[in-house]
Amino acid sequence: MNASKVDSAARERLRDVFPDLVETLKDFIRRREVSHEEYRQAVEFLCRVAQQDELRLFLDVFLEATVDQVDSAGRPGTATCVEGPYYVAGAPVLRSPCVLPHRASEPGEPMVFSGTVRGTDGEPLSGAVLDVWQADGAAAYSHFHIPKEEAPYNLRGQVIADELGRFEIQTWVSAVCHIRDNGPTGELLAVLGRHPMRPAHIHVKLTHETCLPLTTQLYFSNSPYLDSDVVGAVKAPLIVQLGKRDDPAEIARRGLKQPFHTLRYDFALPRRLAKAA
Ligand code: MBD
Ligand code: FE
């Protein structure tokens with residue numbers, strides 16, 4: 001961290017909480033009688049996590065769901081969920097209805113994700129932006145598991161809802177995700193006797209100038225691992241049952257060759273606190 005870039009409120013907060021964090025770890029070392037050798041092994045382990053570019057993954061797997069729970073306590077509207085390590089800013093801006101960027105032969109089954117974005121007061125949010133990202137039908141995220149050059153922003157987009165807050169996004173059903181199992185994070189999970197799986201999901205960050213931003217995920221109700229997510233991030237109101245459309249005219253109109261799944265969700269965003277006049 002570059003101290004000169006930390007603003008003064010953040011410095012004040014850091015001075016308050018960092019010593020507490022260190023004390024918490026020292027207390028752990030005393031209680032568990034951590035040996036010098038164990039300490040050196042832990043340092044080496046964390047170096048390997050960083051060298052293999054898994055620091056984000058490692059922290060998000062073990063800690064982000066708790067941060068989300070604390071940070072969203074008492075928040076009205078649609079439930080929040082963790083961002084995870086695979087968000088990329090700057091995805092193509094698309095106007096609803098749209099198809100997410102994809103390859104000529106995108107694996108898996110097509111899906112149409114639609115719904116509305118409203119304030120928690122029920123008013124439609126004209127022009128709300130849904131920044132969507134997801135794994136493909138083979139569990140790969142673009143920019144991380146599919147090279148950037150091969151398929152830039154594959155299955156990612158910043159989708160603008162219409163004047164009534166409605167959106168319709170054509171994409172593909174994402175596969176069940178598994179955390180890389182030949183890296184240090186996967187090795188640790190194996191030692192802990194935990195599987196490296198996340199249930200199938202799609203991520204979205206919603207923004208509108210009058211509302212608090214919302215980062216969340218939707219989970220498909222037919223997916224395995226809903227009750228044993230390695231990240232522990234699943235929340236019941238975010239589990240959605242997929243539908244299916246097999247009407248030939250509708251399939252043809254969308255340029256598809258097979259029936260498609262449907263995912264419907266209506267989002268509600270809390271308003272920002274009105275500024276004092
Ligand atoms: C993922 O796809 C994810 O969403 C999270 C939170 C952690 C690891 C992989
Ligand atoms: Fe994910």
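Applying 1/(1 + (r/R0)^6) with R0 = 41 Å to the Cβ-Cβ distance of Arg75 and Glu23, what FRET efficiency is obtained, to the nearest 0.05?
It comes out at approximately 0.85.
To the nearest 10 square angstrom, how much accessible area does Asp27 have with a 1.4 angstrom probe?
For Asp27, the solvent-accessible surface is approximately 70 Å².
In region 1-115, with Lys and Arg counted as +1 and Asp and Glu as -1 at Cβ, which of these residues, Tyr87, Val43, Ala65, has the Cα nearest the positive end of the dipole, that is, farthest along it?
Tyr87
Please turn the phi angles of region 151-167 into ³J(HN,Hα) values with the Karplus equation 6.51 cos²θ - 1.76 cosθ + 1.60 (θ = phi - 60°), one per residue in order, whole Hz, x for glycine and proline.
Those phi angles translate into 8, x, 6, 4, 6, 9, x, 9, 9, 8, 5, 6, 5, 9, x, 8, 9 Hz.
Mind listing the phi-derived Karplus ³J(HN,Hα) values for region 131-147, rounded to whole Hz, using 6.51, -1.76 and 1.60 with θ = phi - 60°, and x for any glycine or proline?
Computed from phi, the couplings for region 131-147 are 8, 9, 8, 6, 6, 7, x, 10, 6, 9, 9, 4, 6, 10, 10, 10, x Hz.
Using a Gaussian network model on the chain with a 10 Å cutoff between Cα atoms, which of Ala249, Ala161, Ala175 fluctuates the most?
Among Ala249, Ala161, Ala175, the largest GNM mean-square fluctuation belongs to Ala249.
Roughly how many Å is it from the Cα centre of region 3-48 to that of region 59-88, as a whole number?
After rounding, the separation between the Cα centres reads 22 Å.
Which GluC sites (Glu not before Pro) in region 183-277 pass both tests, a DSSP loop state and at most 12 other beta-carbon atoms within 10 Å?
Qualifying residues, ordered by number: Glu209.
Pull up the DSSP beta bridges for region 32-171 and report the antiparallel fraction as a percent, rounded to 5. Please list the in-between numbers first.
On the way: 12 of 18 bridges.
Of all bridge pairs located within region 32-171, approximately 65 percent are antiparallel.
Counting every Cα pair in the chain, what percent are over 31 Å apart?
The answer is 36 percent, as a whole percent.
Among Leu164, His145, Ile29, flag the residue with its Cα farthest along the positive direction of the charge dipole of the chain, charges on Cβ as +1 for Lys/Arg and -1 for Asp/Glu.
Projecting each Cα onto the dipole axis, the largest value belongs to Leu164.
If amide H atoms are built 1.01 Å from N in the plane of the peptide, which residues on other chains or at least 5 residues away come under 5 Å of the amide H of Leu155?
Distant-sequence amide H within range of Leu155: His102.
Take Met111, Met197 and sort them by solvent-accessible surface of the protein heavy atoms, 1.4 Å probe, largest at the top.
Details: Met111 0, Met197 35 Å².
Result of the area sort, largest leading: Met197, Met111.
Distance between Cα centroids, region 116-141 to region 246-272: provide it in whole Å.
Between the Cα centres of region 116-141 and region 246-272 lies a distance of 13 Å.
Just from its helices, what would the mean residue ellipticity at 222 nm be for the chain, if runs of 4 or more DSSP H residues each count -39500 (n - 2.57) and the sum is divided by every residue, rounded to the nearest 500 deg cm²/dmol?
Taking each H run of at least 4 residues, the total per residue is -7000 deg cm²/dmol.
Let's see if you can work this out: charge +1 on each Lys and Arg Cβ, -1 on each Asp and Glu Cβ, no other charges. What is the dipole magnitude of region 120-268 about its Cα centre, in debye to the nearest 20?
On the way: 14 positive and 18 negative charges, 78 e Å.
Here region 120-268 has a charge dipole of around 380 debye.
Would you work out if region 132-277 is rounded, prolate or oblate? Take a ≥ b ≥ c from the square roots of the eigenvalues of the alpha-carbon gyration tensor; rounded if a/c is under 1.5, else prolate when a/b is larger than b/c, oblate otherwise.
Note, shape of region 132-277 comes out oblate.
Can you list residues whose amide H is under 5 Å from Gly119's amide H, if they're 5+ apart or on another chain and H is modeled 1.01 Å from N?
Leu125, Leu269
For Phe62, Phe45, Phe113, what's the largest-to-smallest order of accessible area, 1.4 Å probe?
Values: Phe62 65, Phe45 45, Phe113 0 Å².
The ranking, largest first, comes out as Phe62, Phe45, Phe113.
The values are calculated or read from the model by the stated rules, or taken from the named source; none is laboratory data. Values in this document were obtained by computation on a predicted structure and should not be read as measured data. In this analysis, Cβ positions are derived from the backbone assuming ideal geometry, glycine residues included, and neighbour counts consider all displayed protein chains. When the accessible area is computed, the model is the full protein with side chains, heavy atoms only, and any ligands, DNA or RNA have been set aside. Shrake-Rupley method; radii C 1.70, N 1.55, O 1.52, S 1.80 Å.
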